[in-house]
Amino acid sequence: MSRIVSSKELKLIEQAIAERPEGIGVSALEKSLAHSLPHINRRTLQRRLKKLQNDNRIIPEGESIARIYKTAPDVTGNKANLPSKSNNFEAIGYIPVSKEGKIIHDLVCQPLTKRKPVGYYRSFLEEYQPGVTFYLSKSLRSQLHEIGGVQTKKRPAGTYAREILNRLLIDLSWSSSRLEGNTYSRLDTEKLIALGQAAEGKDLQETQMILNHKAAIEMLVEEADQVGFNMFTFLNLHAILSENLLPDEDASGRLRRRPVDIFGSSFHPLVMPQTLEECFRLLLEKATAIQDPFEQSFFLMVQLPYLQPFEDVNKRVSRLGANIPLISNNLCPLSFIDVPEQAYIDGTLGVYEFNQIDLLRDVFVWAYERSCQRYLAITQTMATPDPMRIIYREQLIDGVQNIVRGCKAVSADIVRQLASDLVPEDDRDSFNKILMDVLQHLHEGNVARYRLKLSEFQKWNQNRK
């Protein structure tokens, strides 16, 4: 079942804590919420408490079973008031929104009982005509091209994403998982991806979610010249992102065959599998026909979650899928770094319940500008890439894997032999030097670059001492 964590849910938890100024423990809080939030289990409640704590809305006191939660004081030392509606969106940890976006925000923030139940409106997809219909205006598309066009000349698909891959793996894996309620910190995520170290005290599902993101991003970048808006790409993207996370393993990498509900929304997705597949194929067909990469990207963020083609993990598929045209065109990727969870949820609800894209578009544009600022700063500090490393990137990975997995010693003869099998004669001397340099500087913090497991590196490293 797909879940959206509503602001109402967080407010109910915060209200229950505020009613106990002396503090309240998890067990007592569960009982207090039994009527208003009967679906909340202990693990889910702890994640919600973590989010409220991160947002400085509550504070914990004590350790382990003695831990209690209290309403956080404001800067004057007084108890903070419960969140209230405000037109100053930035002041409440939101993003700046357009006039149209504010209208959608106000609609989706109404109590669920006041929002009319709606089903999937097929015409919302059918009426979109690539090249005629645009979710992003011409001026907005031009603006995005200007800030996201990091390459000054034509280069192979995925070149820029490969140059920043180590950072992109961490940023996108962490931020996309965070939008699903994952409580890993960015540092925890970096240790997991770079060193294979899972964070202590975290749910195994959270660890699996981040590892799945890493694998999916690597697929999109490594196969940038082959992935596209086709059934094969998206079924496999879903299979990677949902690995070991679905109750029914057969649902991984397969269009759904049963109804799903959206918690916190009045929207009811399509039910008939045949109609679902027809709409999904039409969605991919229209996405392929869109010429502008930013329009393609945002179209997918709008239409794929709305269709709910999979039993779960739809929004994750849409966020990574939205990067396909950006990666293939060597544009700055969309990492969703610092995107407020509630703004993303509200924008998505606007599509679900009203077929209105304005608030989600505000989120998309803000998120992309944020990503560009980050990666522009990173790029400015990067050394000029060695063209040989780009041309023979796969061969370099093969060479490193051959040495490490074979537990071979690093010697000029072995490296020379590998080069003779991997690259043309004219480039062997240069390749030899690069491979030798890489092997001499291989360590636990960069083995993922060569698709090696930490255990493989440690075994090889131990044997060569």
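The values are calculated or read from the model by the stated rules, or taken from the named source; none is laboratory data. Computed from a predicted structure; not experimentally measured. So basically every Cβ, Gly included, is an ideal-geometry build from the backbone, and we count neighbours across all protein chains shown.
Annotations
- Against the list (1) farther than 25 Å from residue 219 by Cβ; (2) touching a residue at least 40 places away in the same chain (Cβ under 8 Å); (3) surrounded by 14 or more Cβ atoms within 10 Å (Cβ to Cβ), the condition residue 403 fails is (1).
- Of residues in segment 310-345 being acidic (Asp, Glu) and either modelled with pLDDT of 95 or more or closer than 20 Å to residue 279 by Cα (or both), the one nearest to the chain's Cα centre (by Cα): 312
- Checking residue 37 against (1) of a type outside the set (D, E, K, R); (2) touching a strand residue (DSSP E or B) at 6+ places or on another chain (Cβ under 7 Å); (3) modelled with pLDDT under 80; (4) surrounded by 12 or more Cβ atoms within 10 Å (Cβ to Cβ), the condition it does not meet: (2)
- Scanning segment 42-67 for residues that are in a helix (DSSP H, G or I) and β-branched (Val, Ile, Thr) gives 44, 65.
- From 150, 118, residue being modelled with pLDDT under 85, surrounded by 10 or more Cβ atoms within 10 Å (Cβ to Cβ) and in contact with a helix residue (DSSP H, G or I) (Cβ under 8 Å, 6 or more places away or on another chain): 150
- When segment 93-137 is limited to residues that are of a type in the set (A, V, I, L, M) and in a loop (DSSP other than H, G, I, E, B), the one that is nearest to residue 303 (Cα to Cα) turns out to be 136.
- Scanning segment 265-276 turns up one or more residues that are of a type in the set (Phe, Trp, Tyr), touching a helix residue (DSSP H, G or I) at 6+ places or on another chain (Cβ under 7 Å) and closer than 30 Å to residue 38 by Cβ.
- Some residue of segment 294-304 being farther than 28 Å from residue 159 by Cα and among the hydrophobic types (A, V, I, L, M, F, W, C): no
- Tally, over segment 428-453, of residues that are touching a residue at least 24 places away in the same chain (Cβ under 8 Å), assigned to a helix (DSSP H, G or I) and out of contact with any Phe, Trp or Tyr (no Cβ under 7 Å at 6 or more places or on another chain): 10
- Criterion: β-branched (Val, Ile, Thr), at pLDDT below 85 and touching a helix residue (DSSP H, G or I) at 6+ places or on another chain (Cβ under 7 Å) - qualifying residue of 403, 434, 378: 378
- Some residue of segment 236-244 being surrounded by 16 or more Cβ atoms within 10 Å (Cβ to Cβ) and touching a strand residue (DSSP E or B) at 6+ places or on another chain (Cβ under 8 Å): no
- Among residues of segment 243-253, those that are in a loop (DSSP other than H, G, I, E, B) and either acidic (Asp, Glu) or touching a helix residue (DSSP H, G or I) at 6+ places or on another chain (Cβ under 7 Å) (or both), counted: 6
- One residue from 207, 189, 233 being within 21 Å of residue 297 (Cα to Cα), in a helix (DSSP H, G or I) and of a type outside the set (Asp, Glu): 233
- Residues that are loosely packed, with under 14 Cβ neighbours inside 10 Å and touching a Leu at 6+ places or on another chain (Cβ under 9 Å), drawn from segment 407-465: 445
- Odd one out for residue 387, checked against (1) closer than 30 Å to residue 93 by Cα; (2) surrounded by fewer than 19 Cβ atoms within 10 Å (Cβ to Cβ): (1)
- Restricting segment 215-230 to residues that are within 16 Å of residue 168 (Cα to Cα) and surrounded by 20 or more Cβ atoms within 10 Å (Cβ to Cβ), the residue that is modelled with the lowest pLDDT: 224
- Being part of a helix (DSSP H, G or I), free of Cβ contacts under 8 Å to residues at least 12 places away in the same chain, within 30 Å of residue 138 (Cα to Cα) and of a type outside the set (Ser, Thr, Tyr) holds for only one residue in 417, 373, and it is 373.
- Checklist (1) more than 16 Å from the chain's Cα centre (by Cα); (2) in a helix (DSSP H, G or I); (3) surrounded by fewer than 21 Cβ atoms within 10 Å (Cβ to Cβ) applied to residue 160, failing item: (3)
- Filter result for residue 198 (in contact with a helix residue (DSSP H, G or I) (Cβ under 6 Å, 6 or more places away or on another chain), free of Cβ contacts under 8 Å to residues at least 40 places away in the same chain and assigned to a loop (DSSP other than H, G, I, E, B)): yes
- Matching residues, segment 273-317, being in contact with a Phe, Trp or Tyr (Cβ under 7 Å, 6 or more places away or on another chain) and of a type outside the set (Val, Ile, Thr): 284, 286, 287, 295, 298, 299, 301, 306, 307, 309
- For residue 83, the criteria (1) at pLDDT 80 or above; (2) of a type outside the set (D, E, K, R); (3) closer than 24 Å to residue 180 by Cα hold in every case but one, which is (1).
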